[in-house]
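All remarks here apply to the structure that follows.
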Amino acid sequence: MLAVLIPLGALALGVRRELDRRLTREYQERVASMVRVMERDLARETGVVGLRLRATATQLARDNRFRLALQGDPANRPYLLDYAGQAMRLSGLSMLQIQDRGGRILSSGHFRNQFDQVEPNLPRLLAGAADTLVLVRTRTPEAPLLAFVRIDSVHLAGRELTLIGGIEATGRLHAGARDRSLDITLLYPGDSLASSSDRRVVRAVQLPYLDLLAQPGTLDTARLVVTQSLDSLEALRRSVSRWFFVALALTLLAGIIAAAWISGRISRPLRDLAQKTSRLDLDQLDQSFATERSDEIGALSRLLAAMTERLRTSAVRLREAERRAAVGDLARQVNHDIKNGLTPIRNVLRHMTQVLRQNPASLPEVFEARRATIESSVEYLDTLARNYDRLAPELERKACDLNAIVQQVVANAARDTGGIQAQLYPQLPPALGDTLVIRRILENLIGNALDSVSGKADGMVTVSTAWVRGGEGAGRLQVTVADTGIGMTKSELDRAFDDFYTTKPGGTGLGLSIVRRLILDLDGSLRVETEPGKGTRVIVELPPAAGAGVPA
Amino acid sequence: MADSAQRLDTITLAVPEPVDLARAPIPASADQRLVFRQLFENLVRIDCQGQLQPALASSWRADSTGRSWTFALRDGVRVPYGSSLTAQMVESAWHSRQAALQSAGLESVSALDDTTLLVRMSDVRDSLPQLFADLLWSVGSVNLPGAPSGFRMNIPIGATGPVLQILAAPTGDLRDALDAGADLVISGDPQVIDYAARHPEFQTFPLPWDRTYALLRHWGSALRVAGSLDSAARLSLARDAVQTEARPAQSQAWWNNGPCALSVSMKAAVPTATRVVYQTTDPVARQLAERIVALAGDRPPLSVMGLDPVRFADALERGNDAGYIVALPFRSVAPCRESAEWTRRGYPEPLIDTRSRAIVRRGSPALTVDYDGTLRIVPPGNTMETQTH
């Protein structure tokens with residue numbers, strides 16, 4: 001994942017940085033270009049206004065009616081008052097004002113009836129910015145007027161007249177801004193650009209400015225500020241970031257999906273195989289490795305299944321071998337035991353034969369003396385025969401109520417001793433087995449447990465039943481005999497199920513080995529958990545009867 | 001005004017724009033007044049020297065109380081193009097303006113017979129009140145034959161007289177109308193007058209001073225005119241500010257005198273707008289407004305605003321502007337009715353008087369002029385004194 005994300009992140013950062021740099025430079029170029037255009041336009045308009053004003057002045061100088069009116073001819077006074085308006089319209093100007101030396105307005109084109117008003121400072125202030133356009137704020141009767149203005153003069157009828165004329169500025173300020181991303185703002189003296197959180201590229205053109213509506217009128221400086229918002233760049237950067245995060249999210253999602261797929265296709269099956277394999281032991285070889293996969297997992301599963309089958313076969317052989325070994329051992333033991341039983345009898349017979357030969361009259365007396373020996377041996381052999389009979393019971397497989405068997409065995413044991421209890425799983429399905437065999441198993445295990453707790457005041461034996469869900473969906477019945485007795489050491493545990501191994505004086509050592517064999521014959525399993533000084537748990541699992549329901 | 005070489009059975013009177021007949025008989029402009037005077041007639045008329053002259057009524061007399069006046073209608077008098085006029089027709093026409101009857105001080109009007117009308121006043125008058133010459137008490141109709149409209153109408157003059165054809169100049173320029181053959185034009189435009197003066201086929205006569213332009217300000221208006229509007233200032237207004245024939249307003253402001261002098265009430269709120277408002281249909285008003293704004297200076301800077309007649313009336317009613325240029329009749333025969341329009345609005349300060357000139361094609365029938373500048377064509381056979389002003 002990191003191998004993909006790191007390069008992706010580097011790419012996104014690189015793209016953003018490069019975009020930023022290039023676009024910012026482009027915007028700066030754009031703004032600078034607009035400023036150049038504006039400066040060029042202003043220079044051109046300066047010339048145009050100057051030419052028009054000069055032409056008006058020239059025409060004025062030639063006008064006799066104006067001259068007569070200036071000299072006081074009342075008949076031409078209306079002509080004088082209307083002159084500036086006509087001249088302004090003919091020359092294409094937006095503002096024209098003719099003043100005398102004292103600043104009195106003789107004729108006004110943009111405000112005809114402003115005649116005789118006095119603006120003495122205007123020519124002086126404009127003269128300070130000769131040869132350039134001055135941005136002037138004046139007014140018409142209807143509204144304020146913003147105009148680019150120049151000044152000229154004409155000498156007429158012995159008087160110096162000042163012509164102040166210009167073109168309307170508002171429309172021209174934005175005429176050049178064909179690029180809608182550029183914003184052109186006129187800032188008057190004292191104004192500042194509205195603060196904005198957006199980044200901007202800003203350039204300005206400075207203009208002489210005169211506000212005739214303010215008091216006092218002074219020549220100041222206005223600024224035409226060209227602004228290029230970097231909103232689009234910011235938007236682009238955000239878009240790149242957004243796409244980067246989208247790519248990141250998609251990569252993560254793809255990774256998760258791939259991981260889930262790999263998990264589903266490989267990891268989980270391997271884990272399942274590992275779990276099944278871990279559960280395998282000689283007493284639990286019922287794990288199923290069946291699969292329909294054709295990949296490596298399937299091959300491994302089939303390998304494990306084959307191995308398990310061989311293991312089952314080997315376990316059977318082992319049991320068989322054990323059984324034969326046990327039988328061999330048993331045969332040797334039987335031979336030994338029989339010999340032990342027969343030897344006293346043979347000795348008595350030999351003595352009696354000798355007495356018969358040597359002193360037949362004492363034979364009854366000798367027989368009487370030696371009869372106990374013979375009876376003891378016969379009793380010994382009889383007992384031996386009963387014990388050996390228990391080693392190979394006949395199994396009858398049918399549905400058994402395990403809870404009932406446990407109850408009965410526990411009840412019988414409880415009559416002889418306290419410290420035993422039963423915890424039964426409700427509605428336990430029937431087990432497949434032999435009731436007698438199961439009883440023998442429980443009797444043996446409970447007997448051992450009670451022996452373990454004997455002498456302990458708080459010793460307790462607990463026999464419990466349970467239903468255990470299997471890995472393949474099937475379940476097994478479980479009966480546990482737990483005691484709080486002395487427990488077993490590891491070495492004792494390892495030999496506990498060996499034939500003829502016993503820690504009890506007078507014990508045959510066959511009990512647990514018989515139990516183990518009986519359980520295996522029932523297709524069950526046995527395991528022991530013990531801790532010295534703490535106690536022992538013997539857990540027996542048995543298969544359920546066919547058709548048994550699964551508890552809720 | 002008469003020319004010995006009388007001619008024409010049709011006299012064309014050119015007006016600069018179509019005349020709105022909906023307001024008849026009360027005119028809102030000089031052209032409407034001119035046209036309505038041709039369509040409506042009063043019992044009496046006032047000549048250019050302010051004297052009452054017979055019109056629909058041939059004679060009148062008061063009773064001993066001085067409150068009742070009996071009018072005898074002229075024999076054979078007819079409403080324009082229509083039927084013979086009866087006293088009942090006059091009574092009916094006046095009763096349709098019931099509210100105006102009371103405000104004019106007319107208690108009752110009744111027709112004694114077909115040719116005799118009795119009018120009872122609410123107060124005693126030594127002489128016949130001039131209000132009977134007010135167009136409000138005229139009789140007539142705009143329903144001329146031939147589908148008249150504001151653009152063209154034909155009005156027969158008298159029983160056998162010529163037809164007065166009133167045409168709206170297609171281009172709005174009366175010089176074009178003169179070139180197209182108009183016989184009569186009323187104008188104050190110096191360009192039109194100058195143009196006619198350059199054509200020998202036209203004569204030009206000054207008409208009576210008929211308009212007084214005033215600056216109406218509410219109390220508390222921010223409008224302060226530099227210097228006072230003294231006679232010199234008014235002279236400048238008349239001579240320089242407007243492009244029409246004008247003179248400084250005479251002092252006889254009828255709205256200040258008489259029983260119906262304007263009573264100006266205090267407005268509840270001080271006007272806040274910095275506008276001087278005029279009607280867009282009146283170029284003289286615009287020029288005066290501009291001059292007033294120029295004289296007021298730049299602190300605070302005022303501006304002019306032109307409004308159409310409806311919006312102008314609304315603005316007057318609201319009274320929120322610095323000032324209004326209003327055109328009042330120079331002389332009113334019904335000062336109470338006229339001044340009623342101005343009460344509650346402010347005080348009108350007279351600025352200039354204006355008048356128009358009549359441009360008449362030589363050979364046109366004789367004309368006479370009323371006190372308010374209304375031209376009348378003298379029907380053939382009707383001897384009226386030619387009077388000068």
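Each reported figure results from applying straightforward, stated rules to the coordinates on display, with no laboratory input. This structure is a prediction, so every number in the text was calculated from the model and none was measured. When we count neighbours, we look across all protein chains shown, and the Cβ atoms used for this are built from the backbone with ideal geometry, even at glycine.
Rounded to the nearest 0.05, the FRET efficiency derived from the C-beta distance between A:Glu443 and A:Leu349 at R0 = 45 Å is 0.65.
When you count the other C-beta atoms within 10 angstrom of each residue and take the mean per peptide, B:238-247, A:225-234, B:190-199, B:352-361 line up highest first as B:352-361, B:238-247, A:225-234, B:190-199.
Listed values for segment A:86-101 are Karplus-derived 3J(HN,Hα) couplings in whole Hz (6.51 cos²θ - 1.76 cosθ + 1.60, θ = phi - 60°), namely 5, 5, 5, 5, 5, 8, x, 8, 9, 8, 8, 9, 10, 10, 8, 4, and x replaces Gly and Pro. For B:Ala366, nonlocal amide neighbours, meaning residues 5 or more places apart or on other chains whose placed amide H falls under 5 Å from its own, are B:Asp3, B:Val378. Principal-axis analysis of the Cα atoms of chain A puts helix A:363-390 at an angle of about 20° to the longest axis. Note that segment A:432-449 has calculated 3J(HN,Hα) couplings of 8, x, 10, 4, 5, 5, 4, 4, 4, 4, 5, 4, 5, 5, 5, x, 4, 5 Hz, one per residue in order, obtained from phi through the Karplus relation 6.51 cos²θ - 1.76 cosθ + 1.60 (θ = phi - 60°); glycine and proline are x.
Multiplying the residue separation of A:Asp523 and A:Arg310 by 0.36 nm and subtracting their alpha-carbon distance yields 74.9 nm.
Listed from fewest to most Cβ neighbours within 10 Å, the set A:Lys456, A:Lys339 follows the order A:Lys339, A:Lys456. Distant-in-sequence amide contacts of A:Arg159, defined by a placed amide H-H separation under 5 Å and a gap of 5 or more residues or a different chain, comprise nothing. Calculated mean residue ellipticity, 222 nm, chain A: -18000 deg cm²/dmol, from DSSP H runs (n ≥ 4) at -39500 (n - 2.57) each, averaged per residue and rounded to 500.
The lysine pair tally for the protein assembly as shown, using Cα distances under 19 Å and a gap of 8 or more places or different chains, is 4.
Residues A:Ile164, B:Ile46, A:Ile256, ranked from the fewest to the most other C-beta atoms within 10 Å, line up as A:Ile256, B:Ile46, A:Ile164. With both residues required to sit in the protein assembly as shown, DSSP beta bridges show an antiparallel share near 85%. Take each residue of peptide A:139-148, count the partner chain Cβ atoms within 10 Å of its Cβ, and average: the result is 4. Net charge of the neighbourhood of A:Arg65, taken over other residues with C-beta under 12 Å away and scored Lys/Arg +1, Asp/Glu -1, is 0.
Using the Karplus relation 6.51 cos²θ - 1.76 cosθ + 1.60 with θ = phi - 60°, the per-residue 3J(HN,Hα) values for segment A:248-254 come to 4, 5, 5, 5, 4, 5, 4 Hz, with x marking Gly and Pro. Applying 1/(1 + (r/R0)^6) with R0 = 45 Å to the Cβ-Cβ distance of B:Asp314 and B:Thr204 gives a FRET efficiency near 0.75. By the count of neighbouring beta-carbon atoms within 10 Å, fewest first, B:Leu39, A:Leu450 end up ordered A:Leu450, B:Leu39.
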